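One structure is given below, encoded as structure tokens.
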Amino acid sequence: MRKILAVWAAKLSAIAGRMIGKKSSSTPGTIALKICPNLIRILAKNVEKGIIVTCGTNGKTTTNNLLNTALLKCGYTTVCNTLGANMVNGIATAFAMACDLKGQFSADYAVLEIDEASARRVFEHLKPNYMIITNLFRDQLDRYGEIDITVDLLNQAIDMAGDVKLILNGDDPLTAQFGDGRNAKYFGISEQVLPQIDETKEGQFCLKCGHEQKYNYFHYSQLGDYYCPSCGNARPHIDFDATDISLSGAMKFKVNKTVDIDVNYRGFYNIYNILAVYSALSVMGIETGGFNRALAEYKPQIGRMELIDLGKPVILNLAKNPAGFNQAIQTVMLDKRRKDVIVAINDLANDGRDVSWLWDVDFDKLYDENLNTLTTTGIRLYDISLRFKYADVKVDYITKNMKEAIKRCLSTKAEVCYILVNYTALYPTQNTMLEIKRELENGGVENV
């Protein structure tokens, strides 16, 4: 009876939330767990073939949702937290929403994005059969602390999971270490692709002996073909590797020299997301013949290089830490069109109050001859403007009004506008873009 009441309460909460414009991805689960604290454990028993979870600093929402799309295209039924609510309450919401009014549901797979610091708490309620870890970077220092704390938390979670099959980014020494002595497969990019320009590296030192690591080549941050000249610790054997990579036009590469991937995605980092999903499907024993079709039909979550046509292309991207921002900047710079760029930084609880991470971003690389204007906004607009000053990148406009910033960019001669935002600026910015789109459709937007 508690289970049924919990499901009803969650569904009513979700309906009420949608009526007032909320996503309702966590609150329904919070309510449900108050009524039935073991709801997740009860409902997880209805997953017939397996539970697969995705953890990591960057890319876990894309990886998780792309995997879910691929499984659905293969004809499987799933339960998935597609909105990215990745703590215990969000998992409870996903399971409750999958139920009928009798509190019943069945699914072949549960496909769950899990916050790395919350994995231990989630695994108290369910045990995954498969676990993807995408990468580890510094993120929200006031919440996670330094990387070694996150590593300890994930090690504890993996031990709790028991006989779990790990799918790990072998190019990341911080992530690859979780496979030591465990059942693990590794994915990675097995050739030099990007210019070898120094940037901030999280895992500079060997995890075995503490000496500085060397690289045959690296991709970004600490990801690459690493080795320790002192003790011999090195990048593991890669089970699923990407080669023959082309980033001009559509993204193309081969997996294990035989499988051709051809997708119209932006961002070098998406190769890792695609590799993670392909690796997981292979480890799970699922046919990958229609993988390119699943990639083509996948709809990215909000703010993952999301393009909205406002008379010119305006591209919204979430960048929430140094590694993510550096990759976003690289993607922007690979676009050779004349461009306006807007950067919005907030410091609310979900962003992390500490914005000192801005000084670890290579903002100096944002400048080139195709940069038309740079605008800063958000709660910490003066902090990011100061950071650009020290990077010798000229800020053209500073405004607290995102709508004003976007309208100004629409009035310039630039061919494209990129908007880079952190967490809490994401949904308001998308809402502003859609508001401008409606205004355009109803007769135009006044220039600023």
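Assorted remarks:
- Within the range 339-363, being more than 19 Å from residue 433 (Cβ to Cβ) and either surrounded by 15 or more Cβ atoms within 10 Å (Cβ to Cβ) or in contact with a Leu (Cβ under 7 Å, 6 or more places away or on another chain) (or both) holds for 347, 351, 352, 354, 355, 357, 358, 360, 361, 362, 363.
- Residue within the range 370-381 that is outside the structural domain of residue 146 (by TED's automatic domain parsing), in contact with a strand residue (DSSP E or B) (Cβ under 8 Å, 6 or more places away or on another chain), among the small types (Gly, Ala, Ser) and closer than 20 Å to residue 432 by Cα present: yes
- Contact annotation: residue pairs with Cβ atoms under 7 Å, 6 or more positions apart or on different chains, pairing a residue in the range 66-82 that is in the same structural domain as residue 274 (by TED's automatic domain parsing) with a partner that is small (Gly, Ala, Ser) and surrounded by fewer than 24 Cβ atoms within 10 Å (Cβ to Cβ), are 69/294; 70/294; 73/290; 73/294; 77/107; 78/107; 79/98; 79/107.
- Residue selected from the range 52-97 under the condition assigned to a strand (DSSP E or B) and polar (S, T, N, Q), by the criterion surrounded by the fewest Cβ atoms within 10 Å (Cβ to Cβ): 78
- Residues located in the range 158-177, provided they are crowded, with 16+ Cβ neighbours inside 10 Å and either among the charged types (D, E, K, R) or under 20 Å from the mean Cα position of the chain (by Cα) (or both): 165, 166, 167, 168, 169, 170, 171, 172, 173, 174, 175, 176
- Within the range 319-329, the set of residues being part of a helix (DSSP H, G or I) and of a type outside the set (Val, Ile, Thr) comprises 322, 323, 324, 325, 326, 327, 328.
- Single condition residue 302 does not satisfy, out of (1) within 28 Å of residue 404 (Cβ to Cβ); (2) more than 16 Å from the chain's Cα centre (by Cα); (3) assigned to a loop (DSSP other than H, G, I, E, B): (2)
- Wholly enclosed strands (runs of 3 or more DSSP E) of the range 155-232 bearing at least 1 residues within 17 Å of residue 243 (Cα to Cα) and among the small types (Gly, Ala, Ser): 184-189, 223-227
- Residue match in the range 228-239 (condition: in contact with a helix residue (DSSP H, G or I) (Cβ under 6 Å, 6 or more places away or on another chain), at pLDDT 90 or above and surrounded by fewer than 21 Cβ atoms within 10 Å (Cβ to Cβ)): yes
- Among the numbered conditions (1) over 23 Å from the mean Cα position of the chain (by Cα); (2) under 28 Å from residue 272 (Cβ atoms); (3) assigned to a loop (DSSP other than H, G, I, E, B), the only one that residue 311 does not meet is (2).
Okay, residues lined up against (1) touching an Asp or Glu at 6+ places or on another chain (Cβ under 9 Å); (2) surrounded by fewer than 21 Cβ atoms within 10 Å (Cβ to Cβ); (3) closer than 12 Å to residue 420 by Cα:
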| site | (1), (2), (3) |
| --- | --- |
| 286 | no, yes, no |
| 306 | no, yes, yes |
| 333 | yes, yes, no |
| 370 | yes, yes, no |
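- Residue satisfying condition, being outside any helix (DSSP H, G or I) and in contact with a strand residue (DSSP E or B) (Cβ under 6 Å, 6 or more places away or on another chain), within set 49, 102: 49
- Any hit, the range 106-121, residues being of a type in the set (Asp, Glu), farther than 23 Å from residue 68 by Cα and assigned by TED's automatic domain parsing to the domain that holds residue 61: no
- Residues being in a loop (DSSP other than H, G, I, E, B), farther than 20 Å from residue 307 by Cβ and in contact with an Asp or Glu (Cβ under 9 Å, 6 or more places away or on another chain) - total across the range 237-271: 3
- Of all residues in the range 16-29, those satisfying the criterion of being surrounded by fewer than 16 Cβ atoms within 10 Å (Cβ to Cβ) and within 23 Å of residue 112 (Cβ to Cβ) are 18, 22, 23.
The values are calculated or read from the model by the stated rules, or taken from the named source; none is laboratory data. Since this is a predicted model, take the numbers as computed values, not measurements. A quick note on method: Cβ atoms are made from the backbone with ideal geometry, for glycine too, and the neighbour counts reach across all protein chains shown.
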